[in-house]
Structures are given as structure tokens and as C-alpha cells.
1. Name, by its number, the condition in (1) more than 28 Å from LEU194 (Cα to Cα); (2) buried (at least 21 other Cβ atoms within 10 Å of the Cβ) that does not hold for THR69.
2. Being of a type in the set (Val, Ile, Thr), part of a helix (DSSP H, G or I) and either under 16 Å from the mean Cα position of the chain (by Cα) or on the phi > 0 side of the Ramachandran plot (or both) is the filter here, so list the residues in region 39-80 that pass it.
3. Check off (1) assigned by TED's automatic domain parsing to the domain that holds ALA31; (2) touching a residue at least 12 places away in the same chain (Cβ under 8 Å); (3) not charged (D, E, K, R) for PHE150 and give me the number that stays unchecked.
4. Give region 81-116 a look and list any residue that's closer than 30 Å to ASN49 by Cα, assigned to a strand (DSSP E or B) and not polar (S, T, N, Q), or say none.
5. Every residue in region 81-115 that is more than 14 Å from the chain's Cα centre (by Cα), among the hydroxyl-bearing types (Ser, Thr, Tyr) and closer than 21 Å to LEU149 by Cα, please.
6. Pairs needed: first member in region 190-212, not assigned by TED's automatic domain parsing to the domain that holds LEU138 and among the aliphatic types (A, V, I, L, M); second member anywhere, part of a loop (DSSP other than H, G, I, E, B) and at pLDDT 95 or above; C-beta distance under 9 Å; at least 6 residues apart or different chains.
7. So in region 94-120, with the set limited to residues that are polar (S, T, N, Q) and closer than 30 Å to SER83 by Cα, which one is surrounded by the fewest Cβ atoms within 10 Å (Cβ to Cβ)?
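The values are calculated or read from the model by the stated rules, or taken from the named source; none is laboratory data. Note that the coordinates shown come from a computational prediction; the quantities given were computed from them, not determined experimentally. Heads up, the Cβs are rebuilt from the backbone with ideal geometry, glycines too, and the neighbour counts pull from every protein chain shown.
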Amino acid sequence: MRILRVAAILAAGVLACSTSTSTVAAQSACADLGGAVGADGTCTVHKANGTYTFDMTFPNDYPDQQALTAYLTQTRDGFVNVSGMPGSWNLPYELDASGTGYRSGSPTGGTQSVVLTMWQNVGGVHPQTWYKSFNWDLGEKAPITFDTLFKPGTRPLDVIYPAVEQYLQKQQGLIDGIPPSVGLDPAKYQNFALTDDSLLFFFGQGELFGESAGPVEASVPRATVAALLA
């Protein structure tokens, strides 16, 4: 079943970012997924048949709607392809994508984020959960990645790794800690969001601990990393 999940994720491919922010473009993007925008500005998508069902919700006001929708479209297409593969069993398969929005700073010079919680069941005993985040610099009108989030030449993980470990020890009773080979790996911290008070990190199943531990979220006080932020 892990192979099936990997096949679905790989179908997402490499995404290109767009800076289009017009309302018409955003509405078209939601419509392209077969969704509708509600009164609260959330795009909702639902489709079901004999082999699969998928549900998606995400904020319709994220500035880079094209990148967000491209990921959802390609992930959906990969999932649908997997559900139609010969030998698929325990149908219908399920895919849920739930997007949460975050903001920091001023409306014109701060940041805006969307974190997608992806839940998928492709016939295995245990469903899988992973995350995909999108972050935008409203002042620069450009995407924010883990590399561009911090000042050049700094070593943010020297601060973030122990802060995440401390948070998980306090909030979730983590006993054994996070091995340095994992805790100091930048690849583990690619899904994040910014608020005025915190830098939030999201870890899918198997990223920090065994898959049986499920997904993990951690909050680092923004003051802890303030001197490192670009």
C-alpha cells in the first residue's frame, strides 16, 4: 500500500509558481477543480463514484492560487489514476485535502500561508496523512521557502531543532527525543506557516517518527527565531 501512496504523491510533480492574484483567476482555479466558492471565501470540492471519493477545501484568497490549485489538481489526478489501476481493491479509495490559512504582519507587508492536510486511503489497513504548505511574502509578492525564510549564512536548525524537540516533549510526552540525523535535516522542515506569535511546523507520517505515530505538528515561538528571519 505504501507503493500506491508514493505513486499518487509522485504524480504531483514539480509545480511552477504564479503571481496572479485577480479574483477572476482565483474563481476559475476553483472552478477548474470542479468546486464552488462559499460565502466565507472557501473553495469546496467534492466528487465520488464507484472507485474513489475526494473532498477538498482551501482558502480562495491565497495570493498564489495557481500554485495551490496546481498541487491539488496533480495530486487528485495521481490519486484517480491509482484508483483505476488493475488490482485495486477495497474500493472506493478516499482522498481528503483540508487547507488552513495563516497570516502574520500587516495586510500589505506581512505573510500569508496555507497548509494542506492531506489524508488518503488507497485500500491499505492504515490511511496516510501528510502536509503541503504554501507561504507568500505580501510585501515582496513572492513565495517563501524554508531557505528564503532565514538570513543567509545563519544556522536556523541549531535553534529550531531543540525548540521543536522541547515542544513535543512538553505537549506530547516525547521520551526518546528526535535523533540529530532527523532533527537537523532541512528536508523535514519544508512544511511550515507563520503567525505573529509562532513559526509552525508540520510533519507527515514517518517524517520524524515511525508511521504508527501519525502526523506531528510543532510550534516554535517567533521570538526564538526572530533574529534569524530574513
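1. Against the list (1) more than 28 Å from LEU194 (Cα to Cα); (2) buried (at least 21 other Cβ atoms within 10 Å of the Cβ), THR69 comes up short only on (1).
2. Matches in region 39-80: THR69, THR73, THR75.
3. Going through (1) assigned by TED's automatic domain parsing to the domain that holds ALA31; (2) touching a residue at least 12 places away in the same chain (Cβ under 8 Å); (3) not charged (D, E, K, R) one by one, PHE150 breaks only (1).
4. TYR93, GLU94, LEU95, ASP96, ALA97, GLY99, GLY101, VAL114, VAL115, LEU116
5. Answer for region 81-115, where residues must be more than 14 Å from the chain's Cα centre (by Cα), among the hydroxyl-bearing types (Ser, Thr, Tyr) and closer than 21 Å to LEU149 by Cα: SER104, SER106, THR108, THR111.
6. LEU194/GLY105; LEU194/GLY110; LEU194/ILE144
7. Looking at residues that are polar (S, T, N, Q) and closer than 30 Å to SER83 by Cα, I get SER98.
Residue-wise test of (1) touching a strand residue (DSSP E or B) at 6+ places or on another chain (Cβ under 7 Å); (2) in contact (Cβ under 8 Å) with a residue 40 or more places away in the chain.
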{"residue": "ALA31", "(1), (2)": "no, no"}
{"residue": "ALA36", "(1), (2)": "yes, no"}
{"residue": "GLN65", "(1), (2)": "no, yes"}
{"residue": "LEU72", "(1), (2)": "yes, yes"}
{"residue": "ASP77", "(1), (2)": "no, yes"}
{"residue": "LEU91", "(1), (2)": "no, yes"}
{"residue": "LEU95", "(1), (2)": "yes, yes"}
